[in-house]
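Everything below concerns the one structure shown next.
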There are 2 protein chains.
Amino acid sequence: MQPPEIYAIIMAGGSGTRFWPASRRDRPKQYLKISGGLPMLAQTWSRLEGLVAPERTLVVTTADQVAEVQGALPELPPLNILAEPEARNTGPCVALAAFEVAHRSPDSIQLVLPADHVIRPKEAFHRTVNAAASEANLRGSLIVFGIKPTWPATGFGYIEAGEVVREVDGMAVHRVKRFVEKPDPVRAQTFLSEGGFYWNAGIFVWHTDAILRAVQEFLPQAHASLSKVKKGADLSEVYREIPAKSVDVAILEQAKNVRMLPVDYFWSDVGSWDALSEVQEKDANENVTSGGTELIADDARDCIVHGDPGEITALIGVSDLIVVHSGNATLVCHRDRAQDVKRLVERLQREGRTFL
Amino acid sequence: MQPPEIYAIIMAGGSGTRFWPASRRDRPKQYLKISGGLPMLAQTWSRLEGLVAPERTLVVTTADQVAEVQGALPELPPLNILAEPEARNTGPCVALAAFEVAHRSPDSIQLVLPADHVIRPKEAFHRTVNAAASEANLRGSLIVFGIKPTWPATGFGYIEAGEVVREVDGMAVHRVKRFVEKPDPVRAQTFLSEGGFYWNAGIFVWHTDAILRAVQEFLPQAHASLSKVKKGADLSEVYREIPAKSVDVAILEQAKNVRMLPVDYFWSDVGSWDALSEVQEKDANENVTSGGTELIADDARDCIVHGDPGEITALIGVSDLIVVHSGNATLVCHRDRAQDVKRLVERLQREGRTFL
């Protein structure tokens, strides 16, 4: 039996302070060409080609980013941009999209995915989504994709897999024992050694009925507020009533019908400048270039360079550096310190400086 | 007895590839604000205030830089720019200026100095120039300023001092035993340990008669060619006939009446990005900022940063780096490799790339 039509919901509300100075307040990570020649949002869009029709692809973003989304996705029907009055984490975002899709097509499957991940190859991704869609349609389960850890990451939530309940198209569908918040390094190492733990990639598949029921049960304020909008209330009035929780905490950790599908494709959330080494080709000296800048290197290795087309970055006698120029700002950061870029941006904010 | 009026001849013909990417083909080092708030040429100009009147200050530059000079020195009378048809080292430049000054005022003293050095305090410089002027006027000698070495530099020519022939205003006037071309590190160390050796700073004082006689004797082609110009020949036709030698090699190493005056002020030729640490104030972590960029540093030390006003440079977890952004180019270079910037620019030229 064919599952009903799939709607894709691209969550494009991030602010991406870890990619400063390329990412700024008015140009978050999803609009950057940090990996490949297209902005990350456009890459996510083209990843859906052959899986979800453009008219069934929705982008949820904040009101101030609507023009950016239209610029990055000229083929997206304008009515398919859902503008949140303000960013309130993924729980309200998922609820908003669920209501909209229910209005358009009550018997449908939703694929919810972030705008700023790298996934390849596309075909493997489609296969996993189709298997998940079939499972979600038949069983009404809420499906989360799990990534097999390759290192003891402390920046992701983890999912402890339960038993396999069935196979779909050769892919194992697991129960979920528990969700684990971002662990400390020791726990992360334990998860990696023990096995059976997966990274929560923030990619979900569910039937519209199932997510609406879950919103009603576990995020009742969202259900109540969005029902008022259906009766004519102003979204910008009611949206702030909804608790700003993640869909993981608000719904998935509570619901009984959650299943996990381990994925077999390459995935990266490209969580910092350092992660470009995972997703970009390296030169003979392990240097990575991104964003279009030319590189000229004299005795430089293991560096990550980002800059605009028409620019040049020159490195002499250095290694293990992140070097970024964008607009009016230049960043030079040791690769071990990539996580501290966010802290630096917070310091700029605190000190009331520009360059944000 | 008061010496005759002093003419200043600022040599502003350098190309400054060591300061790429701030220095470019159309904006050599002397037009950069790499130390203090003014371009180096304007600093040199203001150093003459109270010593040489603007109408007696000449700037020798290449024809393509005339507009740059006027921009940097709005108070310079336009007729005081001597445009060389092409850069041919300092020998022809000195001869050209000597002919021009002789035409304006045959009984005069000339102070010849590069456009792109840092010297302070100004008062000490004036004292030395006045002493040299008095000596040059009374004895007809060609005076070169000597800098007492503070480290075994291999980038300068050296002067071995001979006996003191007299004191002028408390300053010793030495004979010159010999000029030494840029030494290798071992010789440079010997010069430093033995004492009696001075750096040739390329700053000269002489009477117009004396330099004209020296040009006629030791650079006769210059004398012949420039005499033709006096009779109506086109400078751009005859300038290329003059051998492109330095004034040191062509004249000072040959002449018998050369004297050296050791100077007692701070001097730097600011020969590379690394030299900014000599001439700019440091912050608490020994970082130096230049050019007007803001700096935000998290655990960064001993770095040299240059960028334009209105820009910011952010450093996280790095040390001993040169970080420069200018226009369409970014440079990150280990401080030990500052001399290799020139080589990198030559490589860009060779590869026919832009950014020059």
Exercise. Taking the stretch B:304-314 as the region of interest, how many residues are of a type outside the set (S, T, N, Q), within 8 Å of chain A (Cβ to nearest Cβ) and in a strand (DSSP E or B)?
Worked result: 2
Problem set entry | Those residues of the stretch A:52-65 which are surrounded by fewer than 18 Cβ atoms within 10 Å (Cβ to Cβ), modelled with pLDDT of 95 or more and in a helix (DSSP H, G or I), in sequence order | A:Pro54, A:Glu55
For this session: Could you figure out which of (1) under 26 Å from the mean Cα position of the chain (by Cα); (2) more than 28 Å from B:Arg25 (Cα to Cα) isn't true of B:Leu331?
Result: (2)
For this session: Starting from the stretch A:1-23, take each residue that is assigned by TED's automatic domain parsing to the domain that holds A:Ala244 and list its partners that are at pLDDT below 90 and among the hydroxyl-bearing types (Ser, Thr, Tyr), counting only C-beta distances under 7 angstrom and pairs at least six apart or across chains.
Result: A:Ser23/A:Thr17
Problem set entry | Subset tally (residues that are more than 7 Å from chain B (Cβ to nearest Cβ) and not in a strand (DSSP E or B)) for the stretch A:320-334 | 2
Problem set entry | Scan of the stretch A:175-231 for residues that are surrounded by 21 or more Cβ atoms within 10 Å (Cβ to Cβ), in a helix (DSSP H, G or I) and out of contact with any Pro (no Cβ under 7 Å at 6 or more places or on another chain), ordered by number | A:Ala210, A:Ile211, A:Ala214, A:Val215, A:Ser225, A:Leu226
For this session: Could you check B:Phe355 against (1) closer than 22 Å to A:Leu356 by Cβ; (2) at the interface with another protein chain (Cβ under 7 Å from one of its Cβ atoms) and say which number it fails?
Result: (1)
Problem set entry | Selection status of B:Thr90, surrounded by 15 or more Cβ atoms within 10 Å (Cβ to Cβ) and either within 14 Å of chain A (Cβ to nearest Cβ) or touching a Phe, Trp or Tyr at 6+ places or on another chain (Cβ under 9 Å) (or both) | no
Seminar exercise, completed: Counting only residues in the stretch B:232-245 that are buried (at least 17 other Cβ atoms within 10 Å of the Cβ) and assigned to a loop (DSSP other than H, G, I, E, B), the one farthest from the chain's Cα centre (by Cα) is identified as B:Ile242
Problem set entry | Residue list for the stretch A:39-51, restricted to those being surrounded by fewer than 23 Cβ atoms within 10 Å (Cβ to Cβ) and among the aliphatic types (A, V, I, L, M) | A:Ala42, A:Leu48, A:Leu51
Exercise. Out of all the residues in the stretch A:279-286, is one or more charged (D, E, K, R), at positive phi and assigned by TED's automatic domain parsing to the domain that holds A:Pro309?
Worked result: yes
Problem set entry | From B:Ala63, B:Ala53, B:Ala95, B:Ala83, residue being within 21 Å of B:Ile119 (Cβ to Cβ) and not assigned by TED's automatic domain parsing to the domain that holds B:Ile304 | B:Ala53
Problem set entry | strands (runs of 3 or more DSSP E) enclosed by the stretch B:257-303 - at least 2 residues per element that are in contact with a Gly (Cβ under 7 Å, 6 or more places away or on another chain) | B:258-262
For this session: For the stretch A:272-298, name all the residues that are surrounded by 19 or more Cβ atoms within 10 Å (Cβ to Cβ), away from every other protein chain (no Cβ under 14 Å) and touching a Lys or Arg at 6+ places or on another chain (Cβ under 7 Å).
Result: A:Val288
Seminar exercise, completed: Given the conditions (1) in contact (Cβ under 8 Å) with a residue 60 or more places away in the chain; (2) within 7 Å of chain A (Cβ to nearest Cβ); (3) among the hydrophobic types (A, V, I, L, M, F, W, C), every one holds for B:Ala338 apart from (2)
For this session: Would you mind telling me which numbered condition in (1) at the interface with another protein chain (Cβ under 9 Å from one of its Cβ atoms); (2) modelled with pLDDT of 95 or more B:Arg301 fails?
Result: (1)
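The values are calculated or read from the model by the stated rules, or taken from the named source; none is laboratory data. Predicted model, so just to flag it, every value in this text is computed and none were measured. As a convention, Cβ positions derive from the backbone with ideal geometry for all residues, glycine included, and neighbour counts pool all protein chains shown.
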